[in-house]
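Everything below concerns the one structure shown next.
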Amino acid sequence: MPSPCAECIDLRAAAPGRWIALGLWALLLTPPARSLLESSMVLQLMVQYPALVLLGAMVVWTTPRRRALGRGVDALLRGGAAGLAVAAILLMLWMLPRLVDAAVLDFRVALLKFVSLSASGAALALSWPRCPPLARVVVHVEVIATLARFGWGFAEAPQRLCAVYLFDDQLRTGIALLIVAAAYAVIAAWAPLFGSPRWPAHLPRNNAQVRRHAQPVRTPALDGSGAASRRNTVRSVVGGTTGT
Amino acid sequence: MMRWLSWLATTLVLFSGGVVFWQATDGFAAFTTETARRLEIARSPRPLPTAALLDPHGSEIRARDLAGRVLIVDFIYTACPAVCSQLGGTFGTLQRELNDELRHDRVKLLSVAFDLERDTPAALAHYRRSHRAGTDWIVARTPSEQARAAWFRAFGVIAIPDGLGGFTHNATLNVVDARGRLVAVFDVEQWPAALELARTLAQRELPFHALALR
């Protein structure tokens, strides 16, 4: 098992990528960039939000890892659950119409939005590698459902929800969110359903291969006549592990 | 090995997330700015701004001059094609329904025109004529950027360009009590409720001079 500390970041290390990410982040915070991306709801939710999340993740990705961050921090981040919860809460919070308005009208709220959206990106980047595969599936499903819920809500609302955006804009945002939800579902389901070229070559691709590989292995040195000892010596070769 | 730590952290995160959501939505009651505005006004009535408005004749209208009467206030711009004429029509209905109260100077209607460029005195006069506004329906404009901001802030109104040369804004009926506090906000379709509240408030808080006349 790889040390979970492999993902711990060293904020003291020199990392040009991190400074590029922080520079882009500051650029997005300037009034011209803000007024451009916040001029419409579609641009804000479809461009500004993902950009901020991505820049937060970039800070984590571009910062060199170091091994010793303490067992306590590792235990805290174990499984990625805490980080994913942080990201989920922050992302949903800034999709509330009331906070979308507040962030456009008040610079202090906008700053809070910028920091917390990027923090959610960083939390995602830290947590995803620690997240077990089955939990990842749950996260994918929940992301699709949340995008669809908000999209449906914006597209079907009979009146304006955001005081700073027009009704047509809200309708377009809702439809865009529904399209993104559908596209996400297709992309997430593609590899498990239709296979992916990135599937590790040493792993079986289907049940027939699993059966072919999982033949009992006998060690001739031991007495293999008894059923109990056979059970002990049978090992699956799946995943590269062999018998003792 | 300290498995409980990540469990504890996740629980704490979810709990504080719930608290933040509770705070940000006034206890899961207000998800939009408009709902939040109405909730806040209902909980703690707001005072009217001190900034003066100008009527078509150019005389100043101040909130304190109107104290002692219940007000129904709407925000309009005279170049408005649809929503404001709906507001105007509703105010016309209110003017008819509140005939008694208006005559006894217990209620007044106030339309605040906020388009700084096109709401000229002539445009206001035309608006008055086309909606048959009587003497107790005041149509006045915000004379400056500051006055407009003050009135918008006091009522929580947000107006944005609609891309067609006009504005989109909270087209609502705002009820102000006789003590000059904004107490309730209604959609245009809810005008009977606004009428009812204005009548009740006018009954309850009869101004001094109205008592003297009785």
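The values are calculated or read from the model by the stated rules, or taken from the named source; none is laboratory data. Nothing here was measured: the structure is a model prediction, and the numbers come from that model. Note: ideal-geometry Cβ built from the backbone for every residue, glycine included; neighbour counts use all protein chains shown.
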- Here are some conditions: (1) at pLDDT below 95; (2) under 29 Å from A:Tyr184 (Cβ atoms); (3) surrounded by fewer than 19 Cβ atoms within 10 Å (Cβ to Cβ). A:Met58 meets all but one. Which one does it not meet? (3)
- For segment B:28-71, how many residues are more than 18 Å from B:Ala150 (Cα to Cα), of a type in the set (Val, Ile, Thr) and in the same structural domain as B:Val176 (by TED's automatic domain parsing)? 1
- Sort out which residues of segment B:123-164 are among the β-branched types (Val, Ile, Thr) and out of contact with any Ser or Thr (no Cβ under 6 Å at 6 or more places or on another chain), and write them in order of number. B:Thr135, B:Ile138, B:Thr142, B:Val157, B:Ile158
- Of the conditions (1) of a type in the set (A, V, I, L, M, F, W, C); (2) within 28 Å of the chain's Cα centre (by Cα); (3) at the interface with chain A (Cβ under 10 Å from one of its Cβ atoms); (4) farther than 20 Å from A:Ile89 by Cα, the single one that B:Trp4 does not satisfy is (2)
- If a residue has to be outside any loop (DSSP other than H, G, I, E, B), without any contact (Cβ under 8 Å) to a residue 12 or more places away in the chain and either buried (at least 16 other Cβ atoms within 10 Å of the Cβ) or more than 12 Å from chain A (Cβ to nearest Cβ) (or both) to count, how many in segment B:22-49 make the cut? 4
- Query: Can you name the strands (runs of 3 or more DSSP E) wholly within segment B:100-214 that have at least 2 residues being without any contact (Cβ under 8 Å) to a residue 40 or more places away in the chain?
  - Reply: B:107-113, B:159-161, B:181-187
- Item | Answer residue from segment A:138-174, given it is away from every other protein chain (no Cβ under 11 Å) and surrounded by fewer than 14 Cβ atoms within 10 Å (Cβ to Cβ) and is farthest from A:Asp101 (Cα to Cα) among those | A:Val138
- Query: Is one or more of the residues making up segment B:50-72 of a type outside the set (Phe, Trp, Tyr), within 14 Å of another protein chain (Cβ to nearest Cβ) and assigned to a loop (DSSP other than H, G, I, E, B)?
  - Reply: no
- Of all residues in segment B:133-155 being out of contact with any strand residue (DSSP E or B) (no Cβ under 8 Å at 6 or more places or on another chain) and of a type outside the set (Ser, Thr, Tyr), the one that is farthest from the other protein chains (Cβ to nearest Cβ): B:Gly134
- Query: Quick one: is A:Ala85 assigned to a helix (DSSP H, G or I), facing chain B (nearest Cβ under 8 Å), without any contact (Cβ under 8 Å) to a residue 40 or more places away in the chain and touching a Lys or Arg at 6+ places or on another chain (Cβ under 9 Å)?
  - Reply: no
- Hey, among the residues in segment A:88-111 that are within 11 Å of another protein chain (Cβ to nearest Cβ) and surrounded by fewer than 17 Cβ atoms within 10 Å (Cβ to Cβ), which one's nearest to the chain's Cα centre (by Cα)? A:Met92
- Go through the residues of segment A:179-186 one by one and say whether even a single one is more than 15 Å from the chain's Cα centre (by Cα) and at positive phi. no
